[in-house]
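I am attaching a structure below and will ask some questions about it afterwards.
The values are calculated or read from the model by the stated rules, or taken from the named source; none is laboratory data. Just so it is clear, the model here is predicted, and its values are computed rather than measured. Every residue, glycine among them, receives a Cβ derived from its backbone with ideal geometry; neighbour counts consider all protein chains shown.
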């Protein structure tokens, strides 16, 4: 990924029965698809969900904490 100060890119990755899935986009884009991936996790069709920033840091909590009613 190329570094972009104004619109950093994030990678959303998760596993499914068919294999690994990844999406790369801005914070806004990742926030827009996170609820669907989270629902897949709740139903057991997705697992090992993570969001990684451009530096390789796990920032999953920034995108999924608001979706977890037990958090």
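For every residue, the table says whether it meets (1) surrounded by fewer than 12 Cβ atoms within 10 Å (Cβ to Cβ); (2) at pLDDT 95 or above; (3) part of a loop (DSSP other than H, G, I, E, B).
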| site | (1), (2), (3) |
| --- | --- |
| 1 | no, no, yes |
| 12 | no, yes, no |
| 23 | no, yes, no |
| 49 | no, yes, no |
| 62 | no, no, no |
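Restricting attention to region 29-64, report how many residues are free of Cβ contacts under 8 Å to residues at least 12 places away in the same chain and over 11 Å from the mean Cα position of the chain (by Cα).
Of the residues in that region, 7 qualify.
Could you count how many residues in region 25-47 are more than 19 Å from residue 6 (Cβ to Cβ), part of a helix (DSSP H, G or I) and touching a helix residue (DSSP H, G or I) at 6+ places or on another chain (Cβ under 7 Å)?
Within region 25-47, residues that are more than 19 Å from residue 6 (Cβ to Cβ), part of a helix (DSSP H, G or I) and touching a helix residue (DSSP H, G or I) at 6+ places or on another chain (Cβ under 7 Å) number 3.
Restricting to region 28-40, name every residue that is surrounded by 17 or more Cβ atoms within 10 Å (Cβ to Cβ) and at pLDDT 95 or above.
30, 37
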